[in-house]
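Have a look at the structure below before the remarks.
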Amino acid sequence: MTSPRPAVSVVIPCRNEERYIGPCLDSLLECDYPLDRLEVLVVDGMSDDRTRDIVRQYAADHSFIRLVDNPKRITPCAMNAGVLAALGDVIMPMGAHAVYTQRYISRLVEALLETGADNVGGVLVTLPADDTATARALAIALSENSAPAGRLIGNHIVHPKAIDVGFAVEAEDGVLVPVLRAVDKRPLKELVDPYNKLVDLARQRRLPPEATGGSIATVTNFGTFGLTWATPIPLPEQTLVLGMGAGRMAPNWDAQRGQFVPVTEANLTLSFDHRVLDGGAAGRLLARIAALMGTPEKL
């Protein structure tokens, strides 16, 4: 008779993670580990956004998900509270900002049983949490080869003097597209504050005229909804739209170690006006963007 798999307690410390906790829990709901051998403890540091309401709804729908309070609010105390509340044989800390492949929990448990180790884990590759790095990578790639940056005006393709990039922001009654100017000429660290200010203004519907229109492309992050793939359509006055899906943990072969290691992967999609550039140029542009995003510290 096959012995049952060990019971696993997933511990997720969090505070004010309304944007990320849903996709994280959705990915765990899709895991292939037996749900009767799994519990998910979201240890919340008394969030003052919608995090607690979101987790309560998941807990109401799925009995193996529980909300645990962390009144001290810091991560070490969250881990202690999670371990004390855990009922499983295996404690598995996870991050609220991550999403996981179906086999993630199973592979770690298999590694524990096969090796007899006290602890197993893997390499985590972090992707940008907002659109600034994506916009910067797009702008650098366009500045290196301006052909894809053209805009069709009448029967002529006109190239811009600067690479201005829009990014989609969801407001209560729709989506707005504020614009970061001259993204190719400013390092990433100089874009974060303007980006955050424009996001706040967009959500309040108070964008100034100089912060809208005139961009050559738009960045949209549909991964915030837990989607791994979508096909965004460029705005009428634009040539390109770059979309980014949700990150997913997946096994990646490490030739140097001779083993698979978990990495976070995300799909990038590039929709473009075929009257301005062809598929080869678009493919090379997307490959360059992906390469730049692989080294965000250089942006």
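Of everything in region 5-51, what is assigned to a helix (DSSP H, G or I) and over 10 Å from A96 (Cα atoms)? Give them in sequence order.
D26, S27, L28, L29, L35, D36, R37, T51
What is the number of the single condition among (1) free of Cβ contacts under 8 Å to residues at least 60 places away in the same chain; (2) under 19 Å from V263 (Cα atoms) that A59 does not meet?
For A59, the failing item is (2).
Of the residues that make up region 138-154, is at least one under 13 Å from T212 (Cβ atoms) and surrounded by 14 or more Cβ atoms within 10 Å (Cβ to Cβ)?
No, that holds for no residue.
Please state which one of D273, D278 is in the same structural domain as G223 (by TED's automatic domain parsing) and closer than 16 Å to Q238 by Cβ. First the steps, then the outcome.
Details: D278 fails: closer than 16 Å to Q238 by Cβ.
Among D273, D278, only D273 is in the same structural domain as G223 (by TED's automatic domain parsing) and closer than 16 Å to Q238 by Cβ.
Can you name the condition, by its number, that K189 falls short on among (1) surrounded by 14 or more Cβ atoms within 10 Å (Cβ to Cβ); (2) of a type outside the set (D, E); (3) part of a helix (DSSP H, G or I)?
Single failed check for K189: (1).
Filter region 246-273 for residues that are more than 16 Å from the chain's Cα centre (by Cα) and assigned to a loop (DSSP other than H, G, I, E, B); which is modelled with the highest pLDDT?
Taking the candidates together, the pick is D273.
Could you please give the count of residues in region 47-57 that are modelled with pLDDT of 95 or more and either of a type in the set (S, T, Y) or more than 18 Å from R19 (Cα to Cα) (or both)?
0
Residue pairs, Cβ under 6 Å, 6 or more apart or interchain, first in region 133-148 and on the phi < 0 side of the Ramachandran plot, second of a type in the set (D, E, K, R) and surrounded by fewer than 15 Cβ atoms within 10 Å (Cβ to Cβ). List them.
Hits for this filter: zero, empty list.
Can you tell me which residue is modelled with the lowest pLDDT among those in region 200-218 that are assigned to a helix (DSSP H, G or I) and either at positive phi or surrounded by 17 or more Cβ atoms within 10 Å (Cβ to Cβ) (or both)?
Kept after step one, since they are assigned to a helix (DSSP H, G or I), are these residues of region 200-218: 200-203, 209-211.
From what is left, the residues that are either at positive phi or surrounded by 17 or more Cβ atoms within 10 Å (Cβ to Cβ) (or both) are 202, 211.
Working: A202: 89, A211: 92.
So the residue we want is A202.
Looking at region 281-292, can you tell me whether even one residue there is modelled with pLDDT of 85 or more and β-branched (V, I, T)?
Looking for residues that are modelled with pLDDT of 85 or more and β-branched (V, I, T), one finds at least one in region 281-292, hence yes.
Answer yes or no: is there a residue in region 82-98 that is modelled with pLDDT under 85 and either under 23 Å from the mean Cα position of the chain (by Cα) or surrounded by 16 or more Cβ atoms within 10 Å (Cβ to Cβ) (or both).
Among the residues of region 82-98, at least one is modelled with pLDDT under 85 and either under 23 Å from the mean Cα position of the chain (by Cα) or surrounded by 16 or more Cβ atoms within 10 Å (Cβ to Cβ) (or both), which makes the answer yes.
Take I12 and decide whether it is of a type outside the set (D, E, K, R) and surrounded by fewer than 23 Cβ atoms within 10 Å (Cβ to Cβ).
Against the criterion (of a type outside the set (D, E, K, R) and surrounded by fewer than 23 Cβ atoms within 10 Å (Cβ to Cβ)), I12 does not qualify.
Given (1) of a type in the set (A, V, I, L, M); (2) in a strand (DSSP E or B); (3) not assigned by TED's automatic domain parsing to the domain that holds A291, identify the lone condition not met by A81.
Unmet for A81, out of (1) of a type in the set (A, V, I, L, M); (2) in a strand (DSSP E or B); (3) not assigned by TED's automatic domain parsing to the domain that holds A291: (2).
Take V179 and decide whether it is part of a strand (DSSP E or B), crowded, with 18+ Cβ neighbours inside 10 Å and either acidic (D, E) or in the same structural domain as M293 (by TED's automatic domain parsing) (or both).
Against the criterion (part of a strand (DSSP E or B), crowded, with 18+ Cβ neighbours inside 10 Å and either acidic (D, E) or in the same structural domain as M293 (by TED's automatic domain parsing) (or both)), V179 qualifies.
Could you list, in sequence order, all residues of region 96-110 that are over 14 Å from V10 (Cα atoms) and either aromatic (F, W, Y) or free of Cβ contacts under 8 Å to residues at least 60 places away in the same chain (or both)?
The answer is E110, and nothing else.
When you go through (1) under 19 Å from A287 (Cβ atoms); (2) basic (K, R); (3) loosely packed, with under 12 Cβ neighbours inside 10 Å one by one for K161, which number turns out not to apply?
Unmet for K161, out of (1) under 19 Å from A287 (Cβ atoms); (2) basic (K, R); (3) loosely packed, with under 12 Cβ neighbours inside 10 Å: (1).
The values are calculated or read from the model by the stated rules, or taken from the named source; none is laboratory data. Remember, predicted model here, so these are calculated numbers, not experimental data. Ideal geometry is used to build each Cβ from the backbone, glycine not excepted, and the neighbour counts take in all protein chains shown.
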